[in-house]
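Written below as structure tokens is the structure these notes are about.
The values are calculated or read from the model by the stated rules, or taken from the named source; none is laboratory data. For clarity, every value in this text was computed on a predicted model and none was experimentally measured. A quick note on method: Cβ atoms are made from the backbone with ideal geometry, for glycine too, and the neighbour counts reach across all protein chains shown. Surface areas here come from the heavy atoms of the whole protein model, side chains and all, with no ligands, DNA or RNA. Shrake-Rupley method; radii C 1.70, N 1.55, O 1.52, S 1.80 Å.
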Amino acid sequence: MGPVGDPAVDPGAGPTERYVLRDRFAVLLAPVVWLLLVAVGAAAWVWIGRLQRSAADQGLTQRTRVAAEFTEIYLDRTARRQREDAERLLAGADVGQREFELFGAAFGYRVTVLIDGRGRVMRVSPEVPGLAGRDLSAGLRYVRPAVQRHAAVVTNVYMSPIIEESLIAIAVPFRTPYGERIFSGGFVASESPLGVYLDRAVVPPHGNAYCVDRAGNIVAATAVLGPEVTPLSRLDPELAAALERHPEGDYRSGGAQRRYTSVPIGTTDWRLVTEAPHQEMYTGANEVQRRFGLVLLAGGAAGLAVAAAVSVTTHRRRRGERRLRRLTARYAGQAAELRAVNEELKLLAASVSHDLRTPLAAINGYAEVLAEEVPDGMPPEETARFLERIRRNTARMGDLIDALMAFSRLRRGGFHPRTVDLAALTREVWDDLAAHRDARDIRFELAELPPCRGDPDLLRQVMLTLLDNAIGSTRDRAAAHIEVGSRPGAGGRTAYYVRDDGAGFPPDQAEQLFRPFERLHTTGTYQGSGMGLNLARRIIARHRGDMWAESSPGRGSVFSFTLPFA
């Protein structure tokens, strides 16, 4: 017999040794695997910190880009309205001083000048003795380009010789039966909707925002400026020097690192610049990294202490992997949420800062005229006309506020689909609009509507918008006809429609109806906030349906949408 313990003779010894070796290997493997996982966690710690800082940088850039687009839209719409109103109100052979002052007050301008095609002053407000009839084509360098290109010109910041204050001006040429003229309105940007928007919506926490013209002078800023023209290089030389090197990046000012970004503003050659300290921009990222680092350190120490226990090590590894997946999913969801919020901020900012401020500026202008003229004996009929304009602009502000609240509720509200009797719901909405119809002769035809699946509260808003739109578009008809019906759709859906015989609109402008805060007409057929149809389309899209409009001028319109079968 062989010696005891020889594997060839003692077959039980082999498996025992193999088990020992495997256990020892498992004890040695566990710390190595844990250290590898800790290394992965450290890499994730660094990556998440960089991701959050990158998201903060992108948020600053996105906010600045939205503000630059708003500024371009604001200047373009102001110039367009200025041209349209001037062609109606300042095209006569003689423009009265009082009429001219009222025109400028409606836009909130501090200084206004009316110049003929040869560069001579026709009217100026405030009045300057001896200025009427003078040729300003050489002194006002923007006059010649405005006439040659027949296009609006937005000036750099300049010192007004009339009120001794720094202004910017929008000069708009317009044609009259007596030749071409130019209307120029100068205003303090910081006191306009543009300045209010920079101060309340654009500036990052503990940071600043600057609108800089093509010469490097500050048009408007969140910082306090004097009445004189202020270059950015004087107010913040470190930021101006950094902008010379690169449109965005980091710089040091006042002993602290700061982040800046800049975006060009359309065709004006202006730039919108925002900056904020790192400490404020990256507070969230630093806090997450600090907490994550503490968790990683504690987990590593605990893992090394119990490395001999394979089961505990495995458990900790799996828990770390699940935690990493949850963090990755959470931050991915936050990135998607950030994109959605930024898109809505763009719409809300454009409306609040422009559409809502426009009637406010008009109210202020009319109120100032009334305050000056009524004590001197303004005729009662003219006083009543000004009060009616103030009332219309106040009602306009109310419509805009209601639209903004509806827009916000759509985002916050839940979605609760169920079977909806759309015919009964439509009848209820039509009855609710009785007061809005003003006892007009409207023949309402409600065809059989198959039930659908959706949220009844949201679908009520859709029908309310479409029926109210139909009532409004037929207001000029003595006897109107409004029809609600349906037809088979594709892909398991029903196509519903609301048809009217109102004024209609050009087919190529159908999509414009659904743009937020847009209207086809400032008066007449399609009035309101310009938000109702956009909200209706969003609601239908939330039901996985489509909405579109068909029309031609003078032949009525049809608004159609699809919903899933009940």
Over the range 456-489, the set of residues closer than 16 Å to residue 535 by Cα, open to solvent by 10 Å² or more (accessible area, probe 1.4 Å) and either part of a loop (DSSP other than H, G, I, E, B) or not hydroxyl-bearing (Ser, Thr, Tyr) (or both) is 456, 457, 458, 460, 461, 464, 468, 469
The range 165-203: number of residues that are under 15 Å from residue 85 (Cβ atoms) and at pLDDT below 80
0
Residue set 514, 505; condition under 29 Å from residue 441 (Cα atoms), under 19 Å from the mean Cα position of the chain (by Cα) and at pLDDT below 90; output residue 514
Which one of 259, 245 is in contact with a His (Cβ under 7 Å, 6 or more places away or on another chain) and modelled with pLDDT of 85 or more?
259
Suppose we filter 495, 566 for residues that are aliphatic (A, V, I, L, M), modelled with pLDDT under 85 and either open to solvent by 30 Å² or more (accessible area, probe 1.4 Å) or more than 25 Å from the chain's Cα centre (by Cα) (or both); which single one remains?
566
Check on residue 91, closer than 24 Å to residue 150 by Cα, open to solvent by less than 30 Å² (accessible area, probe 1.4 Å), at pLDDT 85 or above and assigned to a loop (DSSP other than H, G, I, E, B):
yes
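What's the total number of residues in the range 535-550 that are open to solvent by 20 Å² or more (accessible area, probe 1.4 Å) and either in contact with a Gly (Cβ under 8 Å, 6 or more places away or on another chain) or closer than 13 Å to residue 495 by Cα (or both)?
Count: 3.
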Return yes when residue 213 is closer than 16 Å to residue 271 by Cα and among the acidic types (Asp, Glu) and no when it is not.
yes
Out of (1) among the hydroxyl-bearing types (Ser, Thr, Tyr); (2) at pLDDT 85 or above; (3) open to solvent by 30 Å² or more (accessible area, probe 1.4 Å), the one residue 560 does not meet is (3)
Among the candidates 185, 255, 216, 249, residue that is closer than 30 Å to residue 100 by Cα and either small (Gly, Ala, Ser) or buried (at least 22 other Cβ atoms within 10 Å of the Cβ) (or both)
185
Does residue 87 satisfy the criteria of being under 33 Å from the mean Cα position of the chain (by Cα) and more than 19 Å from residue 265 (Cβ to Cβ)?
yes
For residues in the range 145-162 being in contact with a strand residue (DSSP E or B) (Cβ under 6 Å, 6 or more places away or on another chain) and loosely packed, with under 15 Cβ neighbours inside 10 Å, which is farthest from residue 122 (Cα to Cα)?
159
Does any residue of the range 172-187 turn out to be without any contact (Cβ under 8 Å) to a residue 12 or more places away in the chain and more than 20 Å from residue 64 (Cα to Cα)?
no
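Let's see how each residue does on (1) assigned to a helix (DSSP H, G or I); (2) open to solvent by 30 Å² or more (accessible area, probe 1.4 Å); (3) more than 15 Å from residue 186 (Cβ to Cβ):
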site	(1), (2), (3)
50	yes, yes, yes
66	yes, no, yes
76	yes, yes, yes
100	yes, no, no
Name every residue in the range 219-246 that is over 19 Å from residue 157 (Cα atoms) and loosely packed, with under 14 Cβ neighbours inside 10 Å, in order of residue number.
241, 244, 245, 246
